[in-house]
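Okay, structure first, notes after.
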Amino acid sequence: MSDDTTTTAPRIWVFIEQEDGKPHPVSWELMGAAGQLAADLDGVVEGVLLGHQVSDIPPEAFCYGAKRVYVIDDPVLEIYRNLPYALGVSKLVKQYTPEIFLVGATTLGRDLASSIATRVRTGLTADCTELTIDPQKKILAATRPTFGGNLMATILCRKHRPQMATVRPRVLTMPEPLATADGEIIHEILGMSEEEVPVKQVRFIAGEEKFNIEYADVIVAGGKGIGGPDGFKLLEELATALGGVVGASRPVIDAGWVGIDHQVGQTGKTVRPKLYIAAGISGAVQHTVGMNGSDFIVAINSDPNAPIFQMADVSIVGDLYEVIPEMIKQVKGGHHAE
């Protein structure tokens, strides 16, 4: 058990998103950021967890830095529906008055965060790329792209609390968890019955396995320079050989060459792979903001002045239809350079 819940230290909250009892990794990325904010504010990191039969998650949250986790465990919360989740979290916010509240900018998180902000009458800065504490005002400075990604705006919520922000998966680095850690679990009541929830799940139809590009270690991405949808078969072959997945820039998505789940960039997914191969991508800021955290970037483009080369670790000026087949051959071991 940790110290009493009447602590006067500023509370830095993280919403722990989970599905079927499995926490979303963005929750732990946010825990890492919350720890840094708490250090600057002399605050305490706390988690908020809603669901049903989720008792395995709080010990993991403690390992990522939470000192306390507020849990509402109720059969009504077994599947995500906006009303009971927003009601439950808003009650916790009003009861415990956190200073800062961070939520992952996932499909669920975007839906929930806006509802909470509306209910508790506070501001919300969405899709942040950086979270710091303003040294003079001692409040959250939330930075996000604006004007199509051409400028970065830093937003302060001066008067209302909590200061809320959402951050997309993989924008923040994943902290190293402690092997073991203790904390306090505070159980609260939802106070809502199933009959009061207007949205019902009639049945669940399982689709194809969810494509999750955010946590891929290797991404082979293509832009308009690929020339057409057939070019992505070549990228798929290289990605498969490397044990990775295919990514794409927005113009490719708009052209319908590949599905939107493959989109990397400001209006797509943020990624942090160990290897990012950009083929036929010019390097507009709207794309690079989503992949500039990659460990190693290889760029292939026929234009020697392509902006992508300025951030690449290896730049290859040439025809990608000559370069990529050679890369595939090398990876598969069919050719050995002397």
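Out of the residues in segment 141-152 that are surrounded by fewer than 17 Cβ atoms within 10 Å (Cβ to Cβ) and in a strand (DSSP E or B), which is modelled with the lowest pLDDT? Walk me through it before giving the result.
Filtering segment 141-152 down to residues surrounded by fewer than 17 Cβ atoms within 10 Å (Cβ to Cβ) leaves 143, 146-148, 150-152.
In the following step, the residues that additionally are in a strand (DSSP E or B) were identified as 143, 146, 151-152.
Details: 143: 88, 146: 79, 151: 76, 152: 82.
Per the criteria, the residue is 151.
Among (1) on the phi < 0 side of the Ramachandran plot; (2) free of Cβ contacts under 8 Å to residues at least 60 places away in the same chain, which single condition is residue 271 missing?
(2)
Condition test on residue 102, is it farther than 23 Å from residue 42 by Cβ, touching a helix residue (DSSP H, G or I) at 6+ places or on another chain (Cβ under 6 Å) and crowded, with 16+ Cβ neighbours inside 10 Å?
For residue 102, the condition - farther than 23 Å from residue 42 by Cβ, touching a helix residue (DSSP H, G or I) at 6+ places or on another chain (Cβ under 6 Å) and crowded, with 16+ Cβ neighbours inside 10 Å - is not met.
Cβ-Cβ under 9 Å, sequence separation 6+ or interchain: first residue in segment 163-188 and in contact (Cβ under 8 Å) with a residue 24 or more places away in the chain and within 18 Å of residue 290 (Cβ to Cβ), partner in a loop (DSSP other than H, G, I, E, B) and charged (D, E, K, R). Which pairs?
Between residues of segment 163-188 that are in contact (Cβ under 8 Å) with a residue 24 or more places away in the chain and within 18 Å of residue 290 (Cβ to Cβ) and residues that are in a loop (DSSP other than H, G, I, E, B) and charged (D, E, K, R), the close pairs are 168/214; 169/214; 170/214; 170/272; 171/272; 173/272; 174/272.
Quick check on residue 302: is it in contact (Cβ under 8 Å) with a residue 60 or more places away in the chain and over 23 Å from the mean Cα position of the chain (by Cα)?
yes
Give the residue that is surrounded by the most Cβ atoms within 10 Å (Cβ to Cβ), with candidates limited to residues of segment 121-140 that are in a loop (DSSP other than H, G, I, E, B) and of a type in the set (D, E, K, R).
134
Quick one: how many residues across segment 13-34 are over 14 Å from the mean Cα position of the chain (by Cα) and modelled with pLDDT of 95 or more?
Number of matching residues: 2.
Restricting attention to segment 57-71, does a residue exist that is in contact (Cβ under 8 Å) with a residue 60 or more places away in the chain, of a type outside the set (A, V, I, L, M, F, W, C) and touching a Lys or Arg at 6+ places or on another chain (Cβ under 8 Å)?
Looking through segment 57-71, none of the residues is in contact (Cβ under 8 Å) with a residue 60 or more places away in the chain, of a type outside the set (A, V, I, L, M, F, W, C) and touching a Lys or Arg at 6+ places or on another chain (Cβ under 8 Å).
Considering only residues that are over 19 Å from the mean Cα position of the chain (by Cα), more than 21 Å from residue 120 (Cα to Cα) and aromatic (Phe, Trp, Tyr), which ones fall in segment 43-88?
62
Filter segment 293-338 down to residues that are polar (S, T, N, Q) and surrounded by fewer than 16 Cβ atoms within 10 Å (Cβ to Cβ) and give me whichever is nearest to residue 228 (Cα to Cα).
302
Which residues, taken from segment 72-120, are of a type in the set (Gly, Ala, Ser) and without any contact (Cβ under 8 Å) to a residue 40 or more places away in the chain?
Scanning segment 72-120 gives 86, 90, 114, 115.
If the requirement is being over 30 Å from residue 265 (Cα atoms) and polar (S, T, N, Q), which of these qualifies: 180, 173?
Exactly one residue qualifies, and that residue is 180.
Got a sec? Which of 256, 280, 265, 290 is surrounded by fewer than 21 Cβ atoms within 10 Å (Cβ to Cβ) and either closer than 21 Å to residue 168 by Cβ or modelled with pLDDT under 95 (or both)?
256
Got a sec? Which of 281, 316 is of a type in the set (Val, Ile, Thr), over 19 Å from the mean Cα position of the chain (by Cα) and not in a loop (DSSP other than H, G, I, E, B)?
It is 316.
On the basis of being free of Cβ contacts under 8 Å to residues at least 12 places away in the same chain and at negative phi, does residue 125 make the cut? Walk me through it before giving the result.
Values: free of Cβ contacts under 8 Å to residues at least 12 places away in the same chain: no; at negative phi: yes.
When the stated conditions are applied, residue 125 does not pass them.
Here's a check for you: in segment 105-120, which residue that is touching an Asp or Glu at 6+ places or on another chain (Cβ under 8 Å) and part of a helix (DSSP H, G or I) is surrounded by the most Cβ atoms within 10 Å (Cβ to Cβ)?
109
Among all residue pairs at least 6 apart or on different chains, which show Cβ distances below 8 Å where the first residue, located in segment 236-247, is on the phi > 0 side of the Ramachandran plot and in the same structural domain as residue 321 (by TED's automatic domain parsing) and the second is assigned to a loop (DSSP other than H, G, I, E, B) and not hydrophobic (A, V, I, L, M, F, W, C)?
Listed pairs, sorted by first residue: 243/217.
The values are calculated or read from the model by the stated rules, or taken from the named source; none is laboratory data. All of these numbers come straight from a predicted model, not from anything done at the bench. Glycine gets a Cβ as well: all are built from the backbone with ideal geometry, and neighbour counts include every protein chain shown.
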